[in-house]
Each structure stands twice: as structure tokens, then as C-alpha cells.
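The values are calculated or read from the model by the stated rules, or taken from the named source; none is laboratory data. Quick caveat: nothing in here was measured; it's all calculated off a predicted structure. Methodologically, a virtual Cβ is constructed for each residue, glycine included, from the backbone with ideal geometry; neighbour enumeration extends over all protein chains shown.
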There are 2 protein chains.
Amino acid sequence: MELKGNCLVAQSGGPTAVINSSAYGVIKKFYELNDKYKIYAGIYGIQGIMNEKIKDLSCCDRKYFENLLYMPSAAFGSCRYKLKDAKDSEEEYKKIFKAFNKYDIKYFFYIGGNDSMDTAFKLSKYAEENNFDISIIGIPKTIDNDLVVTDHCPGYGSAAKYLVNSAAELWMDINVYDSSSIMVMETMGRDTGWLAASTGLIKKFIPDVNQLIYIPEMVFDEEKFLRNVSQALKVNRKLLVVTSEGLKDKNGDYINTDSGLYSRDAFGHKQLGGVGRYLQSCIKNNVDKNVKMTEMGVPQRCAAHLASKTDVYEAISAGEKAVELGIKGEKDCMVYFKRESNSPYKISIEKVSLKEVCNKVKHVPINYINEDETGVTKEMMDYVEPLIKGKLEAVDNSLLYNYIDFKSI
Amino acid sequence: MELKGNCLVAQSGGPTAVINSSAYGVIKKFYELNDKYKIYAGIYGIQGIMNEKIKDLSCCDRKYFENLLYMPSAAFGSCRYKLKDAKDSEEEYKKIFKAFNKYDIKYFFYIGGNDSMDTAFKLSKYAEENNFDISIIGIPKTIDNDLVVTDHCPGYGSAAKYLVNSAAELWMDINVYDSSSIMVMETMGRDTGWLAASTGLIKKFIPDVNQLIYIPEMVFDEEKFLRNVSQALKVNRKLLVVTSEGLKDKNGDYINTDSGLYSRDAFGHKQLGGVGRYLQSCIKNNVDKNVKMTEMGVPQRCAAHLASKTDVYEAISAGEKAVELGIKGEKDCMVYFKRESNSPYKISIEKVSLKEVCNKVKHVPINYINEDETGVTKEMMDYVEPLIKGKLEAVDNSLLYNYIDFKSI
């Protein structure tokens, strides 16, 4: 198939440890297939493209692109920007397509999550309706792992690997003293529990771990929670409680201490902080004073130092596949992973129309959650284990030695 | 030199990523030198020994000991227990020496920090005064790096490596959006700034990093802090503020929001949390709303997944050297590291009497802090860089695959 013009790649939404690996896949594949057309990067996602923040990557020494494999965060910048419908905001669309025309972009690869796929979908619809000849291909990316259709999302495996390792380390840490010790570990995940649920895997390696897991897919009930904790402490004085940042009660109210129902503790004191801090104070006031809290925070989305090799290579493949689809003439789709088998672990990379994925959310399925809603099943462990495997062979402190500011070279 | 009896090794104080490597060094060396006498582990430090929680390690398959190199936290348990003077608490001393006698312990290796060296010193004095024939050798360990005499402490290099990598990752993360973005990163260190100061090393790899560092060795002044932040943001809208958990104002009051002077924000609202949260709210209320906070928390003392190979091997060597000294007849000393040269990096391992090290604190020296007290000098960077080098060659997710509960086998 003949190429028709230049290519534009951009990144969107929250960063991950491997979002740059997908950009690498796009760049590598596009260069492999031709040296006639140019490859551009949109700086700060669609928002930058709108303002013609577009960088010609031929200015970069090609050897620099390898460094993308070791760098977290979005090397070309990102945005959190949801395009309105074209009828409500045509100016924006005009600016974007003006930029596409100016740079003769025939292939636009957008690496992002749910909202970014919505943007890609709207742009492809606008292109079709206005007879712009451009392929718009989405490449999934999110540590939240909440895109539908795809078995999993690039970025999730590395975040899960960081959390599984950290959960094991925290478990070992609380086992150190000859006293009761409870650790509450708060992961990201406001609406889905994929990240917190991944930590259930430590039971495979540390069979006697005493762990409770709470995710948004379960209804949170404080009395039941306190019963769970008390019961767990009867078996073992050490306990690891893992929670997603978003838990809701039976009325659908978020359990967090910043405002509303859950903003005061048992003594009426005002509470600050999220779910982790709230659960910590519940345990402290009702069960046991020896309770610490670790909010895993921003590092879980950027801990490239512990990136999963599987995740990095899959992210690259997703980028490469997107280029192949674009060149084949696909106009409007997202690449996705289909799990062909689990042992040996094998995936294929397929395509799905953008309309099928945007604005939908994939939750942790019920058979991944144990019966008393205090943890995960073997199915969840089997699902996540292959995704966290492998580490990059690289120089020591590869993250540091490989840093390049692509936005400003 | 002939061995005189059995050996006891125990761990004390807060865990580190490599405290088990020092235990490994002791065990390996002792087994190399003899197979006549036994090696015991004191479970939960001196507190466990007092209650005869003593485990004969000949019950363990020797191949298991290699796993100690990949495991954080104290495999044999730990305690935070400061022995009183013998005259005030002779019962405790009697219990400890009764256990020593019962198990024919002629060599006691205590791996720990400041307080643990005080315990070792008191025990050795008691032994001398009461004619007990026992060698008591301290092996330094602390992520805080605050023991005097030694160039650095085993455990610090790995914690620093985790923090340096995390600081670089957080810097990349806040650079992702086309807007101002400030990250406050809180490290451990209540009285010394070694951990926070280590993050200054990222400037070597990311020369345009916009970073401010605050440590207990500087007097904290809120107005100056806000001036520093405003000024830094004029240069670059992205800013990384690293702070030790212990900062004090000119009157010596801790800057934290749990109580006292700093417990209310500019609007009189009650604050919870530590220094990081306080600085975040200072910036939010006075300079810029786009400010996040990451409390590095417990993972910094147990992140074995990113252990420094240098640190692991030095920790082993410290354990081996302790055994050599004990067998040579040394009765009362701590092993320490002397930096012979920095390029190439080379240390020797020496001994110092316990009296010289216990109850003293080593602060970050003034020439490691820059003139306007907002960061570190090249001297600090040169000091820390060799300590974080190298990674262990091991299986993937080595931490998980190598877990063994030594306390219960």
C-alpha cells in the first residue's frame, strides 16, 4: 500500500509508564515503511494541535527515539481536553483540520484513554462528513484499564507491577515488629478497581498474606468493613488493607473525607484526605491504633523504573499496528488486545470502531471478586499475572540516563 | 583464630531494603569459617532475645539464605527498644545474658541504627563489668544515614536510589500538561536531610530541572519559602519541591500541621498531615493552585525492587567484616565505611568503638547545602551518586519469587 502523506502522533490524558513506548512504535513503524513522508508530533495533545504546536520529528536524531522506551510521562506533552460536538464548537474543528491540512497530515494517531477515544471518534466523524481524507486511529492507554473491548490497556501492566511489588514490600514491612500492625494502601481508581485488585496477586507468592481489598465495584459498608478487619486480625495481627481511591456506599455517595457525609470522624473531628485516610481513621477509632496509611499517589502512573517488559512491548506493538491499519486505509478505529491464551500467554492485536469504545467503562467483572467482597479470585490473579512480567534490560538507572526533553529539542 | 562458641545475629530499628543483606553477610561468613558452631537468629531484636525468641538457623536449607538479598524489611523481625542503664534495669540484662549463656553465644552481631548501637554499647559494657566473654559487634543500618564516623550507612543508598528515581519520574510527570504544575514531594528524615538532599542528584541528569529542596539543617522561614517558590516559577512553570518530613522554624518548632503553630491554614482551617501537606497548602493559598503532594512514605524504606547493588554488596561486606572482627577477638565495636576515593569509588571497612557512635547524629554538612539554602551543591551530588549505582541481576519480580518467612520456618 502506498502512503498518502504525513503522519501526526499525539498523546492525551493522564500519563503512564509506557505511553511513550506506543509513540515509539508509531515512529519506528512509520520510518520503516517510508522515508518520503514526515512524521510530526502534536505537542500537548489535541489542544496543542489546535494551536499548531506541531513538531517535525526529523529534527531529532533517530537514535534518541530508543530513549522513549525508558521514559514515563508523555514525552510530547498531554492534555485533558474533551472536544465538544462539532455543531457546538466548529471553530475548534476548523482549527484542527486547518493544522492537518497545513502539514499534509493523512494519518493521525492519538494515544489515550476514554475521553481521547471520544475526541478521535468526533474528529473522524467530522472528517467523514466534511470529506477530509485522513485516517484517525486510536491507541489505547490508561493505567485505569477501563476501556471496553480490549483485554487490557497499555500502561496498566506497569502500574499493576509497581503496585503488586509495593504491596508485597509493605506486607513485609508491617511484619517487622512483634505487635499488631495494619497498613492501608490507597491506589488510584475512582470508578473501577483494576489497580487495587491487581495487588491480590501477592497471595500467589506470599500464601499467608492477610489482605483485604476494596474496590468501587463493591458497595462499601462501614460496619461490614470493621467486621472484616476485626475478623482478619483474629487470624493474624498483621493486615494489609488495599483500597481504590473511589469507594461508594449503598446510596452511591463517595467515601472520602474531603466533604459531605464522611468528612467527620467518630468524634466529629473534620477529616481531610481521601478514602485511605478515612479507612485508617475508622480502624484507629474502632479496632486497633497501630494503623498506617500509604497513598500510592502519582508514582503509580509514572514508575517507569519498574515498567513491565510485557507492557512496554505490547505498547510498542499497539503503535506499530495503528500505523499498519492507517496505511491499509482504515479511517476510524482503535487497536485493541485480544487474549488468545493464558498459558502460554498470547495476545493478538485487532481493531474496533471508535464508536464502540468511547464513553464506555469496563468494570472488574463479578467473577474476579470473591464471594464475601473482601478480595479477588484466582481468575483476577490469572488475568493480571502475565501483564506484569519481564523487565527491560538496560543500563543502571536507565530512567535517569535516558532522559531527553522531546518537547524542547 | 579459633572460634569460641556460637553466634547470634539480630536486627533492630526501622527496616531498610538491605538490612537482610547484612544478616546474609554474617551468616555466610560464619558458615565459611566453621561448621562446628551454630548460628542463631534473635527474633524481634533484643526484645525477642530477652524472651528467648532465638532460632537455630541450621533448621533452614542454606540455599534459602540467598533470598535474603532480595527481601526488604527485617527477615528476623525487629524492635524499637532502648535498653535502660544496667543499674536501672538489671533484670533485663540478666535475662539477655541468661539467653546468651544458654545458647553458648560468644559472638553477638546487632544490625541497627543509633539506638541499637546504644543497646550494643550497654551490653558490651555490662559484659565487661560482669566478666562475660562475648564479642558484641554493631553493624550500621539506617535509611536516615545519620550515624557518625561512617561515610554512609547501609540502607541509605537504596532509599536514595528510590527517591532519586521517583523525583525524576515526578518531574517528568508534572511536565506533561501545558499549564503550571507544582509537585511537593515529602521524604522521611525528621532530624537530618540526607534523604531529601539525595534527590538533588537529578540535576546531573536533567539539567533544566526546576527544583527546591528543604531539609532540617536549614531554618524554615515561610516568607522566604514563598519567595523561593514565586521566583522559581518565573523561570519555569513546572516546579518540584522536595522536603524532609522534619522542618523547623527559627524557634525550633516543627513545621507540621498536626498540632501547634502550624495547624491552621491562612483561613484558620484546621490542617492535618505533615510538612508536605502544609507546604502544599502554603503554595495553594499564596502562589498557585496547581500544586499536588506526594508523601513517599513507608515504601522508601522497603523498596527492595529498586535496591542499589552497591548498597546490597556493601551491606553484605559489613556483615562479613563484623564476623571477622568478632573472631579476631574484638569485643565492642561497630564496623564503618571509610570513603577512600570517589572516582573510582572505593571504600574500606574499618572499626570504631561503640561509645564513639551511639547517641550522636550526623547532619548534612554545610558545604553540601547551596548558598541560598534552596538545594544542594555538587559535593552532595558527588557524595550520593556512587551509593545508588548498580542493580541486582535476578529473576523478574525477584522480590515476589524470593519471599520466605524466616520467622516462621
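Going by what's in this entry, would A:GLY319 be described as out of contact with any helix residue (DSSP H, G or I) (no Cβ under 7 Å at 6 or more places or on another chain) and either part of a helix (DSSP H, G or I) or within 8 Å of chain B (Cβ to nearest Cβ) (or both)?
Considered against the rule, which asks whether it is out of contact with any helix residue (DSSP H, G or I) (no Cβ under 7 Å at 6 or more places or on another chain) and either part of a helix (DSSP H, G or I) or within 8 Å of chain B (Cβ to nearest Cβ) (or both), A:GLY319 comes out as no.
Restricting the search to the range B:221-237, which residues are of a type in the set (Asp, Glu) and in contact (Cβ under 8 Å) with a residue 24 or more places away in the chain?
B:ASP221, B:GLU222
Within the bounds of the range A:172-194, is there any residue that is among the small types (Gly, Ala, Ser) and more than 19 Å from A:VAL291 (Cα to Cα)?
Taking every residue of the range A:172-194 in turn, at least one turns out to be among the small types (Gly, Ala, Ser) and more than 19 Å from A:VAL291 (Cα to Cα).
Scan the range B:179-225 for residues that are within 13 Å of chain A (Cβ to nearest Cβ) and of a type in the set (D, E, K, R) and jot them down.
Across the range B:179-225, the qualifying residues are B:GLU186, B:LYS203, B:LYS204, B:ASP208.
Pick out the one residue from B:PHE121, B:PHE97, B:PHE109 that is in contact with a strand residue (DSSP E or B) (Cβ under 6 Å, 6 or more places away or on another chain) and either of a type in the set (Gly, Ala, Ser) or in contact (Cβ under 8 Å) with a residue 24 or more places away in the chain (or both).
Selected residue: B:PHE109, the only one of B:PHE121, B:PHE97, B:PHE109 that is in contact with a strand residue (DSSP E or B) (Cβ under 6 Å, 6 or more places away or on another chain) and either of a type in the set (Gly, Ala, Ser) or in contact (Cβ under 8 Å) with a residue 24 or more places away in the chain (or both).
Which ones in the range A:204-220 are among the charged types (D, E, K, R) and either farther than 19 Å from A:VAL364 by Cα or assigned to a helix (DSSP H, G or I) (or both)?
Those that are among the charged types (D, E, K, R) and either farther than 19 Å from A:VAL364 by Cα or assigned to a helix (DSSP H, G or I) (or both): A:LYS204, A:ASP208.
Is one or more of the residues making up the range B:7-28 out of contact with any Gly (no Cβ under 6 Å at 6 or more places or on another chain) and over 24 Å from B:ASP311 (Cα atoms)?
For the range B:7-28, residues out of contact with any Gly (no Cβ under 6 Å at 6 or more places or on another chain) and over 24 Å from B:ASP311 (Cα atoms): present.
Please verify whether A:LEU123 is crowded, with 22+ Cβ neighbours inside 10 Å and at pLDDT below 95, treating the condition exactly as stated.
no
Kindly indicate the residue of the range A:275-302 that is in contact with a helix residue (DSSP H, G or I) (Cβ under 7 Å, 6 or more places away or on another chain) and among the polar types (S, T, N, Q) and also nearest to the other protein chains (Cβ to nearest Cβ) among those meeting that condition.
A:THR294
Kindly check whether there is at least one residue in the range A:278-299 that is in a helix (DSSP H, G or I), out of contact with any Cys (no Cβ under 6 Å at 6 or more places or on another chain), among the aromatic types (Phe, Trp, Tyr) and outside the structural domain of A:PHE109 (by TED's automatic domain parsing).
yes
Tally the residues that are surrounded by fewer than 22 Cβ atoms within 10 Å (Cβ to Cβ), assigned to a loop (DSSP other than H, G, I, E, B) and touching a residue at least 24 places away in the same chain (Cβ under 8 Å), restricting the search to the range B:238-258.
Residues flagged as surrounded by fewer than 22 Cβ atoms within 10 Å (Cβ to Cβ), assigned to a loop (DSSP other than H, G, I, E, B) and touching a residue at least 24 places away in the same chain (Cβ under 8 Å) within the range B:238-258 amount to 3.
Do we have B:ASP208 as surrounded by fewer than 18 Cβ atoms within 10 Å (Cβ to Cβ) and in contact with a Gly (Cβ under 9 Å, 6 or more places away or on another chain) here?
no
Name the residues in the range A:352-371 that are touching a Lys or Arg at 6+ places or on another chain (Cβ under 9 Å) and modelled with pLDDT of 95 or more, would you?
Within the range A:352-371, A:LEU354, A:LYS355 qualify.
Looking only at the range B:62-98, which residues are small (Gly, Ala, Ser) and under 23 Å from the mean Cα position of the chain (by Cα)?
Passing the criteria: B:SER73, B:ALA74, B:ALA75, B:GLY77, B:SER78.
Looking at the range B:28-56, which of its residues are aliphatic (A, V, I, L, M) and either out of contact with any helix residue (DSSP H, G or I) (no Cβ under 6 Å at 6 or more places or on another chain) or in contact (Cβ under 8 Å) with a residue 40 or more places away in the chain (or both)?
B:LEU33, B:ALA41, B:ILE43, B:ILE46, B:ILE49, B:MET50, B:ILE54
Could you give me the residue pairs with C-beta distances under 7 Å whose first residue belongs to the range B:336-351 and is within 14 Å of B:GLY157 (Cβ to Cβ), whose second residue is among the aromatic types (Phe, Trp, Tyr) wherever it lies, and which are 6+ apart or on separate chains?
B:ILE347/B:PHE337
Given the residues B:GLU371, B:GLU340, which is the only one that is closer than 30 Å to B:LEU233 by Cα and more than 21 Å from the chain's Cα centre (by Cα)?
Only one candidate qualifies: B:GLU371.
Being at pLDDT below 95, touching a strand residue (DSSP E or B) at 6+ places or on another chain (Cβ under 9 Å) and either under 28 Å from A:LEU306 (Cβ atoms) or not aliphatic (A, V, I, L, M) (or both) is the requirement here; does B:LYS331 meet it?
Here the answer is yes, as B:LYS331 does meet what is asked.
Quick check, is A:ALA167 touching a Ser or Thr at 6+ places or on another chain (Cβ under 6 Å), closer than 30 Å to B:ILE19 by Cβ and within 11 Å of chain B (Cβ to nearest Cβ)?
So A:ALA167 fits the description; yes.
Might you check whether a residue that is under 19 Å from B:ASP178 (Cβ atoms) and touching a Leu at 6+ places or on another chain (Cβ under 8 Å) occurs anywhere in the range A:25-37?
no
Look at A:ASP151 and say whether it is surrounded by fewer than 21 Cβ atoms within 10 Å (Cβ to Cβ) and at pLDDT below 95.
no
Can you go through A:ILE388, A:ILE409, A:ILE316, A:ILE347 and tell me which one is more than 21 Å from the chain's Cα centre (by Cα) and among the hydrophobic types (A, V, I, L, M, F, W, C)?
A:ILE409
List every residue pair whose Cβ atoms sit under 7 Å apart, with the two residues 6 or more apart in sequence or on different chains, where the first one lies in the range A:367-382 and is without any contact (Cβ under 8 Å) to a residue 60 or more places away in the chain and the second, anywhere, is polar (S, T, N, Q) and in a strand (DSSP E or B).
A:ASP382/A:ASN342
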